[in-house]
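*Asks:* Just passing along the structure, written as structure tokens.
The values are calculated or read from the model by the stated rules, or taken from the named source; none is laboratory data. Please read all numbers here as calculations on a predicted model, not as lab measurements. Don't worry about glycine lacking a Cβ; one is built from the backbone with ideal geometry, like all the others, and counts go over all protein chains shown. Keep in mind that these areas ignore ligands, DNA and RNA; they rest on the heavy atoms of the full protein, side chains included. Shrake-Rupley method; radii C 1.70, N 1.55, O 1.52, S 1.80 Å.
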Amino acid sequence: MPAGRRWRARHQARRLRPGPRCARGGLMTWRSTHSIHPVTMRQQNLATVLKVILAHGPIPRADITEIAGTSSGTTTKLTAALIEAGIVKELTASGPTAGAGRPRVPLDLDTASRAVLTLHIGVHYSLVAAVDIRAEQILQRKVEHRSADAREVIQRAAGALAELRRQLGGRLVIGVGITSGGTVDHTAGRLMHHADLGWTSVPVRDLVAEQLGLEVVYDNEARGEALAELTFGVGSRADNVIALFVGSVVEAAIVVDRRIHRGAHGVAGTVTHLPVGEARGPRCECGRRNCLRMVASNTGLLTIAREQGIATESTTYEELVERSAGGDDAVAELLALRARWVGEAVGVLTDLLDPDAVTLSGNATHAEGFLDAVRTGMRSADPTRPDEVVQLATFGEQSTAAAAAALLLDRYFADPVAFEPGLDTNHGG
Ligand SMILES: [Zn+2]
């Protein structure tokens with residue numbers, strides 16, 4: 001298929017149809033196994049109080065009332081419902097405050113009661129994990145891909161998730177978050193196109209949901225990273241964020257005014273063909289040799305390393321990182337060069353979008369000196385660029401699981417009753 005037609009086919013497939021209209025007037029933009037229901041004032045207040053505890057916990061009820069803007073009676077009732085459900089717990093009172101006779105009992109999320117299962121579909125293996133409702137990791141396992149067949153890979157990964165679920169004991173599993181690289185139609189839960197996996201139009205979400213019988217949310221890796229930062233990371237001080245993932249793929253997600261910017265066709269953040277100055281890498285499908293994905297992805301890097309004679313056909317990316325750490329200067333220089341190329345791209349993105357923060361995730365970021373080299377690359381074209389906005393992802397090496405979990409938890413905190421209908425009938429009506 002000619003390149004132009006392929007582009008149109010991919011992008012037209014991504015043109016999203018509006019979902020069914022929700023009873024509260026807004027468009028439902030995500031499929032839910034729960035019925036479409038009107039969101040009551042109580043549900044909204046529950047979500048608000050829960051989000052205040054997420055952002056500020058441990059926090060006493062009086063402070064929740066002040067931040068949430070609810071009455072103290074409402075706060076008492078809603079926190080009682082959340083405590084009864086085991087989502088929130090009371091901590092030990094910190095003693096009477098000055099001028100007040102009653103101790104202030106701080107409340108916090110009960111991170112031991114619930115879990116989210118996560119799946120990241122990589123190019124060579126998948127990562128399955130379980131995290132708590134602050135997206136902190138409980139368990140993680142790597143599942144090697146034994147086949148190129150999408151259904152086989154996904155079914156094995158879902159089997160590993162079921163195994164993790166059994167290991168969680170009494171925790172309530174509220175759902176599954178899935179990420180992958182490539183073009184993801186998050187509304188349909190479908191992987192539209194992934195060049196390195198060679199997969200096209202795979203119903204990832206439904207395959208996992210059928211096997212596990214849980215609520216499943218699926219989106220692109222970089223968007224998961226962006227949501228994790230908004231909810232649990234730099235979002236506490238940043239409204240405009242670029243989340244850049246550098247690993248087997250290179251992808252970006254753009255957050256403007258705390259919302260993920262998806263674009264007219266859902267593919268905003270595609271940085272595949274962003275040209276990187278003097279870089280010379282493997283030839284891209286577009287014909288050039290300095291496209292970001294080709295020079296900065298692990299796959300591209302291995303190709304360059306082979307051309308330079310410092311890697312063989314069987315060398316893995318992990319081996320390159322180990323050799324660099326072990327004092328192999330040629331490999332260390334190539335890894336640093338790759339980080340500077342990423343920095344050049346980050347510079348262009350910051351010029352365009354002027355973000356509060358740029359967060360870097362993916363296994364490329366685990367290489368020693370990665371962040372400093374990115375900042376150097378960023379300043380190479382313009383030394384006045386604000387390189388201090390660039391930082392490593394908040395969850396570090398656990399950011400893959402946190403990113404997938406954030407897709408699910410973002411919805412959970414927006415409307416916990418949709419996931420736990422029992423909350424609506426708990427006392428505190
Ligand atoms: Zn290209």
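*Asks:* Right, A381: at pLDDT below 95, among the small types (G, A, S) and in the same structural domain as E333 (by TED's automatic domain parsing) or not?
*Replies:* Numbers: at pLDDT below 95: yes; among the small types (G, A, S): yes; in the same structural domain as E333 (by TED's automatic domain parsing): yes.
Yes.
*Asks:* Now a separate question. Considering T200, T183, T179, which residue is open to solvent by 10 Å² or more (accessible area, probe 1.4 Å), under 18 Å from V249 (Cβ atoms) and modelled with pLDDT of 95 or more?
*Replies:* On the way: T183 fails: modelled with pLDDT of 95 or more; T179 fails: open to solvent by 10 Å² or more (accessible area, probe 1.4 Å).
Every option except T200 fails the conditions.
*Asks:* Kindly provide the set of residues from the range 164-219 that are over 23 Å from H261 (Cα atoms) and among the charged types (D, E, K, R), ordered by number.
*Replies:* Of everything in the range 164-219, those that are over 23 Å from H261 (Cα atoms) and among the charged types (D, E, K, R) turn out to be R165, R166, R171, D196, D206, E210, E215.
*Asks:* Next up: Select the helices (runs of 4 or more DSSP H) contained entirely in the range 322-429, then report the ones holding at least 1 residues which are open to solvent by 40 Å² or more (accessible area, probe 1.4 Å) and polar (S, T, N, Q).
*Replies:* 370-381, 422-425
*Asks:* Filter the range 267-281 down to residues that are away from the ligand (no atom under 14 Å from the Cβ) and either over 16 Å from G182 (Cα atoms) or not β-branched (V, I, T) (or both), then give me how many there are. Quick ask: steps written out before the conclusion?
*Replies:* Let us first name the residues in the range 267-281 that are away from the ligand (no atom under 14 Å from the Cβ), namely 267-269, 277-278.
If we keep only those that are either over 16 Å from G182 (Cα atoms) or not β-branched (V, I, T) (or both) as well, we get 268-269, 277-278.
So the count comes out to 4.
*Asks:* Determine, yes or no, whether E225 is touching a Ser or Thr at 6+ places or on another chain (Cβ under 6 Å), open to solvent by less than 10 Å² (accessible area, probe 1.4 Å), away from the ligand (no atom under 13 Å from the Cβ) and under 23 Å from M192 (Cβ atoms). It would help to see each step written out before you state the result.
*Replies:* Values: touching a Ser or Thr at 6+ places or on another chain (Cβ under 6 Å): yes; open to solvent by less than 10 Å² (accessible area, probe 1.4 Å): yes; away from the ligand (no atom under 13 Å from the Cβ): yes; under 23 Å from M192 (Cβ atoms): yes.
So E225 passes the test.
*Asks:* Only one residue in G86, G57 is touching a strand residue (DSSP E or B) at 6+ places or on another chain (Cβ under 6 Å) and either hydrophobic (A, V, I, L, M, F, W, C) or under 22 Å from F232 (Cα atoms) (or both). Which one? Lay out the reasoning, then the answer.
*Replies:* On the way: G86 fails: touching a strand residue (DSSP E or B) at 6+ places or on another chain (Cβ under 6 Å).
Going through G86, G57 in turn, just one is touching a strand residue (DSSP E or B) at 6+ places or on another chain (Cβ under 6 Å) and either hydrophobic (A, V, I, L, M, F, W, C) or under 22 Å from F232 (Cα atoms) (or both): G57.
*Asks:* Go through the range 21-55 residue by residue and tally those that are at pLDDT 90 or above and buried (at least 16 other Cβ atoms within 10 Å of the Cβ).
*Replies:* Residues that pass the stated criteria total 12.
*Asks:* Scan the strands (runs of 3 or more DSSP E) fully inside the range 152-234 and keep the ones with 1 or more residues being within 13 Å of V116 (Cβ to Cβ) and not small (G, A, S).
*Replies:* Values: elements: 172-180, 183-185, 190-194, 199-202, 216-220.
Correct list: 172-180, 216-220.
*Asks:* Does any residue in the range 281-302 that is closer than 18 Å to G362 by Cα come within less than 7 Å, Cβ to Cβ, of a residue that is among the β-branched types (V, I, T) and within 8 Å of the ligand (Cβ to nearest atom) six or more places away or on a different chain, and which pairs are these?
*Replies:* L292/T272; R293/T272
*Asks:* Checking T200 against (1) hydroxyl-bearing (S, T, Y); (2) within 16 Å of the ligand (Cβ to nearest atom); (3) over 30 Å from D354 (Cβ atoms), only one condition comes out false. Which one?
*Replies:* Unmet condition: (2).
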